Amino acid sequence: MKFEKLFSPLTLRGVTFKNRLMGVPFVSGFATEDGTVTEENIERYKREAMGGMGSITIEPGVVLPSRSSHNIRFSDDSYIPGVREIVDIMREQDPDLKIGMQLSHFLKTSRKGYIQKVEDLTDDDIKNMIQWFADAAGRALTVGLDYVEIHNAHTSTLCSFLSILNKRTDAYGATLEGRFKAPTQVYQAVREVVGDKFPVGVRICGAEFLRGGNTLLQSTRIARRFAELGVDYVSVSAGDKIEDAPVPPEGYPPDGTAGYSGERMSPSWIYPDGANVYLAEAIRKFVRDAGHEMAIVTAGKIRMPQHAEEILQQEKADFIGLARAILADPDWAKKAQEGREKEIVKCAACNWCVEADGRLEQVYCSRWPEGCKVAAPVPWLPKDARPAQLPKGTAAD
């Protein structure tokens, strides 16, 4: 096989992922304002499940009971039928696909500029948050998911606890032990619910790319702590910190994707391919040197199979995370496995999709045909794609 490592299996807690391609969470904006799954959500995941990925992590399921800016919510049992419908239709397309969901808790922001901080949370708030994660993990079992991922990156509350920007002076701050306490308690609560035969991963920032924020030095230590806890994989992202957000237009909330930190989460055309791979590579080495075999996922502008194969062959990561690449072409994995990589509709890294997310709009790819807003058509070939939406005088490559 041309991409031998890319299409080799990997087993976590007895669950075998048929290949090393993981669809990492990407908000669609299709859910209703109260977080209910819509037909558009279902149709997009159905299309992605057709494409040969080893695993797909459904976009953030928000565990707190509040409005979610069109994110899927998983905060009470009324949301079970919608998520179950997504899971069932994905399994119909590919029974071997492993399906997970990212469980997320976010600090509050408002269109008037208010940004909540972890320092504002009471002990009862933290206790409730931990219970909400545990309850959502129970729902994950109910709907038939294969694994869950706990969101400890970007604008999530748990990422803010982990950051050295956390200025709490009690048991939930001050030191690495303190900053790690809430993420530890959340993981332990989730693990107690799902048991020992169910993979649980976490997503972290390899670097926050924010003045005064976590760098790779802190992230290697954080990853090692998760390995010591028994976490099955760490998905390494970067940036997207709301503290770096520029002043938003009137009537819009602060947007973590809009500053430099946000740029580093989703490297655009101005950055080299694989701009964040070095973060995963360093974290993997640090964890392996400490004697742990926890799997590492890397992501961030990995657009073509040869590049993905090289990353795995060079042992920089154990899984390749794709988000924008499979939005642009849901058949990315299938085409690569069948030796049809020249037929992949290549992500332009124009960040049309990321910017739509930041504006709280529905997310789609600029390369899809005119009027196509939910998923790429079938069949889908480069000759049918629209030109990349890049600034004048630049190129997608």
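Read-outs throughout are calculated quantities, based only on the coordinates presented, and are distinct from any laboratory measurement. Everything numeric here is computed off the predicted structure, so don't read it as measured data. For neighbour counting, all protein chains shown are included, and Cβ atoms are generated from backbone atoms with ideal geometry for every residue, glycine included.
For L103, the residues whose amide H sits under 5 Å from its own are G61, E149, I150, H151, ignoring neighbours fewer than 5 places away on the same chain, with H placed 1.01 Å from N. For the pair E4 and H307, label points projected 7 Å from Cα toward Cβ lie 2.4 nm apart. Among Y114, Y79, sorting on how many other beta-carbon atoms sit within 10 Å of each Cβ, with the fewest leading, yields Y114, Y79. Counting beta carbons within 10 Å around each of M22, M1, M129 and listing the fewest first gives the order M1, M129, M22. When both segment 303-369 and segment 171-246 are represented by their alpha-carbon centers, they are found 25 Å apart. For the chain, the antiparallel share of DSSP beta bridges with both residues in that region comes to about 15%.
Hey, could you grab the Kirkwood Rh for segment 310-375? Inverse mean 1/r over distinct alpha carbon pairs, Å, one decimal.
Working: mean 1/r = 0.0749 Å⁻¹.
After inverting the mean inverse Cα-Cα distance, the result is 13.4 Å.
Which GluC sites (Glu not before Pro) in segment 311-352 pass both tests, a DSSP loop state and at most 12 other beta-carbon atoms within 10 Å? Display every interim value, and only then the final one.
Working: sites: E315, E338, E341, E343; in loops: E315, E338.
Passing sites in segment 311-352 are E338.
A DSSP coil position with no more than 15 other Cβ atoms inside 10 Å describes the following trypsin sites (Lys or Arg not before Pro) in segment 202-232: R211.
Roughly what % of Cα-Cα distances in segment 160-214 sit above 16 Å, to the whole percent? Summing the P(r) of segment 160-214 above 16 Å gives 50 percent of all pairs. Remark: segment 213-224, residue by residue, has Karplus-estimated 3J(HN,Hα) of x, 5, 10, 4, 4, 5, 5, 4, 5, 5, 4, 5 Hz, where x stands for each Gly or Pro and the curve is 6.51 cos²θ - 1.76 cosθ + 1.60 at θ = phi - 60°. Evaluating 6.51 cos²θ - 1.76 cosθ + 1.60 at θ = phi - 60° for every residue in segment 305-320, the Karplus couplings come out as x, 4, 5, 4, 4, 4, 4, 5, 4, 8, 6, 8, 6, 10, 10, 9 Hz, glycine and proline recorded as x.
The structure-derived value of percent of Cα pairs over 30 Å apart appears in the list (1) 65; (2) 34; (3) 42 under the label (2).
Note down the relative contact order for the chain as a percent, whole number, built from C-alpha pairs under 8 angstrom at least six residues apart. Walk me through the intermediate numbers first.
Numbers: 864 pairs, mean separation 64.3, N = 397.
With pairs under 8 Å counted, the relative contact order is 16 percent.
Just from its helices, what would the mean residue ellipticity at 222 nm be for the chain, if runs of 4 or more DSSP H residues each count -39500 (n - 2.57) and the sum is divided by every residue, rounded to the nearest 500 deg cm²/dmol? If you can, show how the numbers build up before the last one.
Numbers: 13 runs with 130 residues, N = 397.
It lands at -9500 deg cm²/dmol.
Which loop-located trypsin sites (Lys or Arg not before Pro) does segment 304-397 contain, where loop means any DSSP state but H, G, I, E or B and the Cβ has at most 10 other Cβ atoms within 10 Å? Please list the in-between numbers first.
Details: sites: K316, R324, K334, K335, R340, K342, K346, R359, R367, K373, K383, K392; in loops: K316, R340, K346, R359, R367, K373, K392.
When the trypsin sites (Lys or Arg not before Pro) of segment 304-397 are filtered for loop state and at most 10 Cβ neighbours within 10 Å, K392 remain.
Suppose a student asked you for the relative contact order of segment 62-153, using Cα pairs under 8 Å spaced at least 6 residues apart; what percent would you report?
On the way: 96 pairs, mean separation 37.1, N = 92.
Reported as a whole number, the value is 40 percent.
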